[in-house]
1. By the scheme Lys and Arg +1, Asp and Glu -1, what is the net charge of all other residues having a beta-carbon under 13 Å from that of Leu226?
2. DSSP loop (so not H, G, I, E, B), at most 14 other Cβ within 10 Å: list which chymotrypsin sites (Phe, Trp or Tyr not before Pro) in region 198-230 pass both filters.
3. Please report the spacing between the Cα centers of region 66-95 and region 177-240 in Å, no decimals.
4. Can you give the translational diffusion coefficient of region 244-309 in µm²/s, computed by Stokes-Einstein from the Kirkwood radius over Cα pairs at 20 °C and 1.002 mPa s?
5. All other residues with a Cβ under 11 Å from the Cβ of Gly80 taken together, and with Lys, Arg as +1 and Asp, Glu as -1, what is their net charge?
6. Please give the contour-minus-distance gain from Gln26 to Glu225: 0.36 nm per residue of separation, less the Cα-Cα distance, rounded to one decimal in nm.
7. Compare the Cα positions of Tyr249, Ser235, Val209 along the charge dipole of region 206-264 (+1 at Cβ of Lys, Arg; -1 at Cβ of Asp, Glu; about the Cα centre) and return the one farthest towards the positive end.
8. May I ask you to derive the FRET efficiency for Leu137 and Lys62 from their Cβ-Cβ distance with R0 = 45 Å, giving the value to the nearest 0.05?
Amino acid sequence: METTMNPAVIREQVSITGLLARLGYQPAHNSGRETVYRSVLHQDGKKPSLCVNDTLGVWYDKGTGKGGNVIDFGLAFWPGLEIRDVCGKLREMMEQAVPAAVTLMKPSRRKRHKALIQPYYHVDKVCELGKTPSIQLFLEKRGIWEEAQGILQEVHYHSVHAKLQPRQFFAAGHRNDSGSWQVRNKYFKGCLGNKGLTLLTGDSRRLCVFKDIFDYLSWKHDHPELTDSALMINSYSLLPAAIKMAMRYPAISVYFDHTPEGHQSLRQFIIELPYASDGTPAFNGHHDYSEKRRTEARAAYEAQKPIDIFKNIEIPFVR
């Protein structure tokens, strides 16, 4: 399976406004040829600051002083990723099923526009973890292999497009409450179908709220003895539905990520439910709970590697 795309092709074809729509952002307003957004790369949501010119394929954020093309945006939005991983994410997003009103391709500079047919996905099979080594390795490197047992499954699927050959994919995934699959592998994180919340029932009085299932599994590694119910919102666009569902629980902890959108969503959650507590200090210094666990797993792996006693020895001559 091809995992990346030529950066030049990505810059030419991926629409920044379409990408923002797929990430759950809606424009605040249009200003001439520019589309303006708020609360994308920084926390101040009162004044729109991100300006996008999709015809030219560029953006500029007044709040951070950053700008560039769609790859530059990916690097700013996912600060922990390298260019290769950002390109992988953008390539996968180009093939996701999205609402008909949204296009992930840049509008042509020509006056005549050709309609673009977006692909959708067909799930071929679902099986228990352990069948595909690369999925197991992916979860092991993130330090949640044990926690994923009985919660995640392997999802094997292919893309269906009127003009392209089917392409095979596989990922770790789980069903959301809309019946669609939330899937994730090294290069892609998304939903095969309709967005929806995911509720794992446990203690009827205590609820932990996360952005996604990987954050929950990372939290579970730190708290194996706790039986709290867990709610994954899967997309910040589903925040109102998540708040409504959380109302039935008298004790709530929220663990959204350290992004402008995550901070804003956390504030909104606590405004609506003032007794909810902020759980984000548990992973201070990290993007989210998942990154904290991944960093710990990497450190543990490096500590177990055998010491090379000859590493720093210099050979003064060549025989």
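The values are calculated or read from the model by the stated rules, or taken from the named source; none is laboratory data. Source: prediction; values computed, not measured. For neighbour counting, all protein chains shown are included, and Cβ atoms are generated from backbone atoms with ideal geometry for every residue, glycine included. These area figures cover heavy atoms from the full protein model, side chains too; ligands, DNA and RNA do not enter into them. Shrake-Rupley method; radii C 1.70, N 1.55, O 1.52, S 1.80 Å.
1. Values: positive: Arg205, Arg206, Lys220; negative: Glu147, Asp203, Asp222, Glu225, Asp228.
Within the 13 Å Cβ shell, the charges total -2.
2. Details: sites: Phe210, Phe214, Tyr216, Trp219; in loops: none.
Loop-located and lightly packed - none at all.
3. So the separation of the two Cα centres works out to 24 Å.
4. Details: Rh = 13.9 Å.
D, rounded to a whole number, is 154 µm²/s.
5. Numbers: positive: Arg294; negative: Glu82, Asp85, Asp257, Asp288, Glu291.
Local charge sum for Gly80: -4.
6. Working it through step by step, the gained length comes to 67.6 nm.
7. Value computed over the given set: Tyr249.
8. 0.60
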